[in-house]
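The values are calculated or read from the model by the stated rules, or taken from the named source; none is laboratory data. Everything numeric in this text was worked out from a predicted model, so none of it was measured. All Cβ positions, even for glycine, are placed from backbone atoms using ideal geometry, and neighbour counts span all protein chains on display.
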Amino acid sequence: MALTRRPGRVSAPRSSAGLRLYPLCQVPDKPFFSLHIKTGVFFYVRVALMIAVLGTVAYLTGAPPFRASIAAPDPYAAIAPTAARAFQSTVRISGRSCGGVTVGSGWVAAKGFAVTNAHVVAGERQPTISVQGVGADIPARVVEFDRKNDIAVLYASELGAVPALRIASEPQPGQSGALLGFPHGGDPVISPLRLGRIKLSLTRDFFGRVRLHRVAEVRGALAPGNSGGPIVDLKGEVIGTIYSADAGKLAAKQIGYAVANAPVRQALQSARALQTADVGGCE
């Protein structure tokens, strides 16, 4: 009779070499095949969990194939009367940093306070603000500098007479808007833009640090100098602050990114202490 070796507690005759022998028709207490089944189940559970985790990360970061398409901007948003009124609260911010001149956009968010990107004023010691890009240059102080979310808040008492823009409570993906700013540091421009979904973004900041933060995808014409400019909806409320354009394969589709409103609210709250912020320096 054919015999085989299998582990187990069942008593079995021994061979001349002292080995327990089981006939093929006998099943031990812990059969060999059941151990393989259990091991296989645990393996597939681990694989399933790994796929779920990677899929969740891909979805939150908008990686393919989870990147949501954004419809083309609505041209009307740029000519809406609310956009023209909102431009009264848009400012051009300029200064010297590391031996060069930097120019960006911003917006008045409260009495005396203007919001822009941190990278616009990084390294600057004496930034100036020009309301609508045509007013006199007003000296300002950086009173909040959030490297992680690329948000800075400037203070100048002369801004007290400039109407502040309201911050929208809950911007929605697909919402039409207008981007206000000074592309290439030149004349004021209002351009249509559409808001995408908010996602997690792993980016390298102005200081070379890699950071994970929440941003809103946008679609529209973007250019250097727009950084820090407000995106306003058809009610004239801010639904995001532009900070970068996609320079990769999506550049042709005019995909960019805006800072969501939550970090802006937090920065404004911190800025009320009126403490001069550390904006870094040149290396």
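If only residues of the range 161-218 that are at pLDDT 90 or above and of a type in the set (Lys, Arg) are counted, the one that is nearest to the chain's Cα centre (by Cα) is Arg194. Based on this model, can you work out whether Thr116 counts as β-branched (Val, Ile, Thr), buried (at least 19 other Cβ atoms within 10 Å of the Cβ), farther than 20 Å from Ala277 by Cβ and touching a residue at least 40 places away in the same chain (Cβ under 8 Å)? In short, no. Filtering the range 251-269 to residues that are surrounded by fewer than 15 Cβ atoms within 10 Å (Cβ to Cβ) and either in a loop (DSSP other than H, G, I, E, B) or modelled with pLDDT of 95 or more (or both) leaves Arg265, Gln266, Gln269.
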